[in-house]
Amino acid sequence: MPVVVVVGAQWGDEGKGAMVDSLAREADIVVRFQGGANAGHTVIYKGKPVALHLIPSGITHEHTVCVIGNGVVVDPKALLEEIDALSSLGISITPERLRISDRAHLTLPYHRMLDTAREMAGARLRLGTTRRGVGPTYVDKVDRVGVRVGDLRHPKRLEEKLRTNWEQKQAFFNALPPDDRPDFNEILDELLQYAQKLSPYICDTVMWLNEQADAGKRILLEGAQGTGLDVDFGTYPFVTSSNTTAGGACTGSGLPPTKITSVLGIAKAYTTRVGEGPFPTELQGEEQIKLREKGREYGATTGRPRRCGWFDAVLVRYSAIVNGCTAIALTKLDVLSGYPEVKICVAYRWRGEILTTFPAEVCVLEEVEPVYETLPGWDENLTQCKSWEQLPANAQRFVMRLQELTGVPIATVSVGPERSCVISVPDAPPIW
Ligand code: IMP
């Protein structure tokens with residue numbers, strides 16, 4: 001009964017999509033358990049790129065059933081656009097292949113407006129969100145005024161719940177110029193249309209997933225974002241509004257901790273972050289631009305340039321602990337080719353003190369200086385390497401040092417975007 005959780009070990013964009021896509025070939029079911037249309041990755045289907053935001057990457061494999069779990073916030077418009085885009089490529093989306101939890105919350109059109117308004121209200125509030133309405137949707141969930149996917153099947157109840165939610169936003173609407181104020185009936189009509197299209201996919205995914213796990217099916221739980229963006233464990237308040245860590249896989253799917261068999265953390269061979277917030281190993285000026293261009297580090301959802309820096313072993317060690325990682329998949333090692341020396345942050349220096357654990361306070365993280373260990377680099381282009389033995393000795397040494405510092409076996413190393421570019425590390429534990 002393998003139930004594998006895949007989580008990001010940094011600040012998102014670690015290359016989880018490509019890893020999940022590769023693991024999904026061996027999975028029966030792939031589940032998204034948190035986040036919303038703020039996530040984004042591109043998978044290649046029959047030579048064409050497909051951008052996915054809400055639907056799990058397993059959708060391109062015909063035998064895989066994809067689940068949008070209860071912990072996800074679903075923007076129905078974005079979801080239907082994604083279903084249409086996939087269908088136009090010939091990918092069959094049927095209720096047998098796509099199941100949406102009746103307990104997931106709906107992102108309403110004005111959640112995006114609220115997200116944007118907050119970002120524009122002033123520098124003190126700005127977090128650099130994706131402005132996809134994800135935070136405001138979770139606020140309503142916790143405030144117990146959210147509208148859930150299951151409500152789409154009960155028009156009367158939908159109207160009542162939308163009204164409650166709507167009324168609670170009046171102060172915000174009234175502050176808008178009259179022409180910009182959303183119209184209740186328009187939104188209700190739009191939702192009723194979405195309801196017709198989405199109803200066949202809506203079900204009780206919690207019971208279904210548990211039955212499938214008990215029947216021995218292989219289940220992959222696909223995290224979005226990364227540990228540094230977790231609302232509890234990340235760099236609060238510069239975080240997303242959900243639990244991106246392995247615990248979130250349980251609360252966001254209904255599969256209990258006792259059914260999880262392994263946790264794979266994904267970490268890039270260096271670090272990136274989008275949006276605001278502390279980033280101890282961030283490079284500056286030309287050095288940052290060089291790494292961004294080498295790694296083509298631009299956001300999949302917003303196109304924003306990502307901030308780039310060296311590998312932060314303090315962060316990844318902390319991620320490995322918080323997630324209980326049984327293995328790490330290291331991605332984009334090929335990007336570091338050509339550096340005479342490569343650096344790893346092994347601790348932080350703060351006001352003369354050496355910190356070896358990830359501090360909770362953003363004000364501390366903003367002041368820390370990274371303590372680097374420098375290793376010899378390598379010049380060889382790694383993209384043609386097919387096995388561990390073919391990697392240059394210095395690249396192998398770098399990987400082994402990361403393994404030592406993070407305390408978790410590195411199971412695979414990626415040297416390019418294709419599936420064939422994932423190299424197994426000798427003696428690593430199996431992922432399934
Ligand atoms: P939100 O999730 O849109 O509310 O944004 C909160 C923070 O999470 C911002 O710093 C975003 O840039 C970041 N974020 C959200 N989704 C992703 C992602 O998929 N990759 C990387 N960062 C993300």
Q | Amide hydrogen neighbours beyond the local backbone of residue 45, cut-off 5 Å, H modeled | A | 50
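Using a 1.4 Å probe, what is the accessible area per residue for the chain, in Å²?
Details: 18050 Å² over 432 residues.
Per-residue value: 42 Å².
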Q.
Taking the 0 to 90 degree range and rounding to the nearest ten, how far is the long axis of helix 313-323 tilted relative to the main principal axis of the chain, both from C-alpha atoms?
A. 50
Q | 16 Å reach of a label modelled at residue 143, 7 Å along Cα-to-Cβ, counting backbone N of the stretch 99-116 | A | 105-116
Q: Rank 184, 238, 358 by mean-square fluctuation in a GNM of the chain with C-alpha springs under 10 angstrom and give only the top-ranked residue.
A: 184
Q | In Hz, Karplus ³J(HN,Hα) per residue of the stretch 199-210 (6.51, -1.76, 1.60; θ = phi - 60°; x = Gly, Pro) | A | 3, x, 8, 7, 7, 7, 6, 5, 5, 4, 4, 5
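Which FRET efficiency value, to the nearest 0.05, do you get for residue 404 and residue 89 by plugging their Cβ-Cβ distance into 1/(1 + (r/R0)^6) with R0 = 56 Å? The partial results should precede the final answer.
Working: r = 43 Å, r/R0 = 0.78.
The computed FRET efficiency comes out at 0.80.
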Q: Can you tell me the 0 to 90 degree angle between the C-alpha axis of helix 285-295 and the longest principal axis of the chain, rounded to 10?
A: 80
Q. Rounded to the nearest 0.05, what FRET efficiency is calculated for residue 298 and residue 173 with R0 set to 45 Å and r the Cβ-Cβ distance?
A. 0.85
**Q.** Separation in nanometres of the label points that stand 7 Å from Cα toward Cβ, at residue 163 and residue 44
**A.** 5.4
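May I ask for the equivalent-ellipsoid semi-axes of the chain, computed as the square root of five times each C-alpha gyration tensor eigenvalue and listed largest first in whole Å? Walk me through the numbers before you get to the answer.
Details: eigenvalues 264, 135, 70 Å².
Over the Cα atoms of the chain, the ellipsoid semi-axes are 36, 26, 19 Å.
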Q.
Whole-Hz ³J(HN,Hα) for each residue in the stretch 264-277, computed from phi via Karplus 6.51 cos²θ - 1.76 cosθ + 1.60 with θ = phi - 60°, x for glycine and proline: what do you get?
A. 9, x, 9, 9, 7, 5, 9, 10, 9, 7, 10, x, 7, x
Q: Just grab the label-to-label distance for residue 284 and residue 353, each label 7 Å out from Cα along the Cβ direction, in nm (one decimal).
A: 2.5
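Considering only DSSP beta bridges with both partners in the stretch 210-332, what is the antiparallel share in %, to the nearest 5?
On the way: 5 of 10 bridges.
About 50 percent, rounded to the nearest 5.
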Q: Enumerate the amide H contacts of residue 10 below 5 Å, restricted to partners 5 or more residues apart or on another chain; note that Pro and chain-start residues carry no placed amide H.
A: 227, 228
Q) Which of 313, 360, 347 moves most in a GNM of the chain, Cα contacts under 10 Å? A) 360
Q: With all protein chains present, calculate the accessible area of residue 110 using a 1.4 Å probe and round the result to the nearest 10 Å².
A: 0
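Figure the gain on full extension for residue 186 and residue 261 (residue separation times 0.36 nm, minus the Cα-Cα span) and round it to one decimal in nm.
Values: separation 75, 0.36 × 75 = 27.00 nm, distance 4.60 nm.
Stretched fully, the residue 186-residue 261 segment lengthens by 22.4 nm.
Going through the stretch 327-395, which trypsin sites (Lys or Arg not before Pro) have at most 10 other Cβ atoms within 10 Å and a DSSP loop state? Please list the in-between numbers first.
Numbers: sites: 332, 343, 349, 351, 386; in loops: 332, 351, 386.
Here the sparse-neighbourhood loop sites are 351.
For the stretch 253-340, which whole-number percentage of the solvent-accessible area (1.4 Å probe, protein heavy atoms only) is attributable to carbon and sulfur atoms?
55
Return the carbon/sulfur percentage of the accessible area of the stretch 391-432, one whole number, probe 1.4 Å, all protein chains in place. Write down the numbers at each step before the final one.
Working: 940 of 1840 Å².
So the carbon and sulfur contribution to the accessible surface is 51 percent.
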Q. Of the beta bridges DSSP finds with both residues in the stretch 267-424, what % are antiparallel, to the nearest 5?
A. 75
Q: Compute the long axis of helix 184-198 from its Cα atoms, compare it with the longest principal axis of the Cα atoms of the chain, and write down the angle in degrees, 0 to 90, nearest 10.
A: 70
Q. Got a sec to turn the phi values of the stretch 110-116 into Karplus ³J(HN,Hα) couplings, 6.51 cos²θ - 1.76 cosθ + 1.60 with θ = phi - 60°, whole Hz, x for Gly and Pro?
A. 7, 5, 5, 5, 4, 4, 5
(Q) Order 245-258, 387-400, 59-72 from most to least packed using the mean count of other Cβ atoms within 10 Å. (A) 59-72, 245-258, 387-400
**Q.** Rounded to the nearest 10 Å², the accessible area of residue 167 at probe 1.4 Å
**A.** 110
Q.
Under the rule of at least 5 residues apart or a separate chain, name every residue whose amide H is placed under 5 Å from the amide H of residue 327.
A. 263, 265
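What percent do you get for the relative contact order of the stretch 4-53 when only Cα pairs under 8 Å and 6+ apart count? Don't skip to the answer; put the middle values down first.
Numbers: 30 pairs, mean separation 12.5, N = 50.
In percent, rounded to a whole number, it is 25.
Once neighbouring chains are kept in place and the probe is 1.4 Å, which whole percent of the accessible area of the stretch 105-198 is contributed by carbon and sulfur? Walk me through the numbers before you get to the answer.
Details: 2660 of 5310 Å².
That share works out to 50 percent.
The values are calculated or read from the model by the stated rules, or taken from the named source; none is laboratory data. Note that this is a predicted model, so its numbers are computed, not measured. Note that we place each Cβ from the backbone using ideal geometry, even for glycine, and neighbour counts take in every protein chain shown. Note: accessible area is taken over every heavy atom of the protein model, side chains too, but ligands, DNA and RNA are not part of it. Shrake-Rupley method; radii C 1.70, N 1.55, O 1.52, S 1.80 Å.
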